[in-house]
1. Just checking, does region 178-189 include any residue being over 17 Å from Thr301 (Cβ atoms), without any contact (Cβ under 8 Å) to a residue 40 or more places away in the chain and not basic (Lys, Arg)?
2. Answer with yes or no whether Ala188 is modelled with pLDDT of 95 or more, crowded, with 16+ Cβ neighbours inside 10 Å and not acidic (Asp, Glu).
3. Can you confirm whether Ala196 is in a helix (DSSP H, G or I), of a type in the set (Gly, Ala, Ser) and more than 25 Å from the chain's Cα centre (by Cα)?
4. Just one of Arg261, Arg273, Arg304, Arg257 is outside any helix (DSSP H, G or I), over 25 Å from Arg108 (Cα atoms) and modelled with pLDDT of 95 or more; which is it?
5. Has region 252-271 got any residue that is within 15 Å of Glu112 (Cβ to Cβ) and either in the same structural domain as Glu112 (by TED's automatic domain parsing) or hydrophobic (A, V, I, L, M, F, W, C) (or both)?
6. Go through region 286-301 residue by residue and tally those that are among the basic types (Lys, Arg) and buried (at least 23 other Cβ atoms within 10 Å of the Cβ).
7. Return the residue satisfying two criteria in turn: it lies in region 276-301 and is assigned to a strand (DSSP E or B) and among the small types (Gly, Ala, Ser), and of such residues it is nearest to Gln235 (Cα to Cα).
Amino acid sequence: MSPQAAQARGFLHEAFFYAGNDEFLAGTVPYLEEGISAGETVLVVLPEPRMRLLREALGCAAEAVEFWHMGVIGRNPGRLISAWQDFLLTCDPEKGVRGLGEPISPGRSAAELEECELHELLVNLVFAEERALSVMCPYDTSGLADEVLAGAERSHPVCAHPHGKSVSPRYSLEALLEGPLPPPRRPAVTLPFGKADLAMVRHLVAQCARSAGLGTRRNEDLVLSVCEVATNSVQHGGGRGTLDLWDEDGELICAIRDEGRIEDPLVGRERPRPDQASGRGLWIANQLCDLVQIRSGRSGTEVRLRMSFDG
């Protein structure tokens, strides 16, 4: 495909449903080879086993592809959009860019899968004007629940299968940050706070992180992240907030609730501009925590920061 043709085609974002290695390779290898032959810039972001499999199948052609490990780049899917944006800045604007990314894979927790679906929805907003970009997202039908596969249809305008592709009947961008998060499954330690209580917030999070066995660096990362979000509550959420802490499924979870409302669905996902005076707190949290969940509506905002014990 020529650069002119790539520019004319518009942004393409499709889910590719496969079962097993043969179907995975049957769909992804021709897709990447087409891009390589057209002189496009090609980026692959996959879990390690899939990345090895694809490298071997591409053979010498793999030298024309940039590979990123999803477990590193996208453990927290909130980091992926800015990583793609940074990558696009390095690409030749006269060439097309072809991506293959599998953020949703078996082994992800329920919370991670939910945030991955949100990420996939937001991709359509962020890159709508990237006329030369196409992204294929593989989904393993043999290892993912039906509801996860239905989520893929909601978040991708086009759905592909080994025998063809079609427009998704479920695609929708509504209610991106709305809808409550599930309640804690274990009792939480709760601390209402205001501006004068931020030192207590820091102390409580550090204490709970130590008790959970988090190492010094991850303890400090979590404390910084919580304090950034709590400060946002004081400044933009009505002057006060509530901190809840609990452990669940091998993670320490810190939830900050306030009465404010976040209108920007991309908050915390795009790299702050050098001249940007605010909006860095949630960006910092996404860079430091294993998972960040943000839900905001008429009843207020909740931000959950998750850190696993074995990270």
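The values are calculated or read from the model by the stated rules, or taken from the named source; none is laboratory data. Being a predicted model, the structure only gives us computed values, none of them experimental. Note that each Cβ is placed from the backbone with ideal geometry, even for glycine, and that neighbours are counted across all protein chains shown.
1. No, because not a single residue in region 178-189 is over 17 Å from Thr301 (Cβ atoms), without any contact (Cβ under 8 Å) to a residue 40 or more places away in the chain and not basic (Lys, Arg).
2. no
3. yes
4. Of the residues listed, the single one that is outside any helix (DSSP H, G or I), over 25 Å from Arg108 (Cα atoms) and modelled with pLDDT of 95 or more is Arg257.
5. yes
6. Counting residues in region 286-301 that are among the basic types (Lys, Arg) and buried (at least 23 other Cβ atoms within 10 Å of the Cβ) gives 0.
7. Applying the filter and picking the extreme gives Gly300.
Every residue, every condition in (1) without any contact (Cβ under 8 Å) to a residue 60 or more places away in the chain; (2) small (Gly, Ala, Ser); (3) surrounded by 18 or more Cβ atoms within 10 Å (Cβ to Cβ), yes or no:
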site: Cys137; (1), (2), (3): no, no, yes
site: Pro157; (1), (2), (3): no, no, no
site: Pro162; (1), (2), (3): no, no, no
site: Ala196; (1), (2), (3): yes, yes, no
